[in-house]
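One structure below.
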Amino acid sequence: MHNSSMKLMQNMLHTYYKQTGIVVDVGSLDVNGTYRQLFNGWLYHGVDLAMGKNVDLVMKDEYSIPLPSGADLVISGQTLEHCRNPFKLVVEMARLLRPKGYLFLIAPFRWTKHRYPIDCWRFLPDGMKCLIEDAGLKFIDSKISKSSNTEDDCWAVGQK
């Protein structure tokens, strides 16, 4: 995870959700950083496809998260571009949310190829809106944020 992604997640948290609660981090494996430090006082569940650093629960498959619904917040940063079907994964993320719960997404808009193990997608605000609305959530906002001179992220917020 890069520093700009950490700042984006922190900004979304301070702008859209100022309480503590239950957070599920989808794609939480610590490859080069984690959002966990932003969630002191929260019940944090890190989930990913394989056990490793910062992973509390292993997904049953790439679209099945072994948790019941009831999360206040589901987050996913630098994960959707590695997913074969991001629409299907976002539907599963939406299932985890309690009514009025929030979904925070961050994924590359412009970024170098980085297979881990695959690298399939880049995202625009309209694409994020489609992902959120197709999952049955209310679209709140999405923008592109500059990460460096050659790399940019797209972020989005939805609510159940």
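Data overview
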read-out: Packing-based order for 61-70, 15-24, 87-96, using average beta carbon neighbours within 10 Å, highest first; value: 87-96, 15-24, 61-70
read-out: Separation between Cα centres of segment 1-49 and segment 83-124, rounded to whole Å; value: 14
read-out: Rounded to 5, the percent of DSSP beta bridges in the chain classed as antiparallel; value: 50
read-out: Per-selection Kirkwood Rh - the chain (Cα, Å, 1 d.p.); value: 15.3
read-out: Residue exposure sequence - ASP48, ASP126 - by fewest surrounding Cβ within 10 Å; value: ASP126, ASP48
read-out: Segment 16-158: Lys pairs at Cα distance under 15 angstrom, eight or more positions apart or on different chains; value: 6
read-out: Residue exposure sequence - TRP42, TRP155 - by fewest surrounding Cβ within 10 Å; value: TRP42, TRP155
read-out: Label-to-label distance, nm, for residues given as SER148 and SER4 (7 Å Cα→Cβ offset); value: 0.9
read-out: Ranking of SER4, SER148 by count of other Cβ atoms within 10 Å, fewest first; value: SER148, SER4
read-out: Share antiparallel - DSSP beta bridges, segment 1-86, percent rounded to 5; value: 10
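Throughout, read-outs are computed from the coordinates displayed, never taken from laboratory work. What you are looking at is a predicted structure, and each value in this text was computed from that prediction instead of being measured. For neighbour counting, all protein chains shown are included, and Cβ atoms are generated from backbone atoms with ideal geometry for every residue, glycine included.
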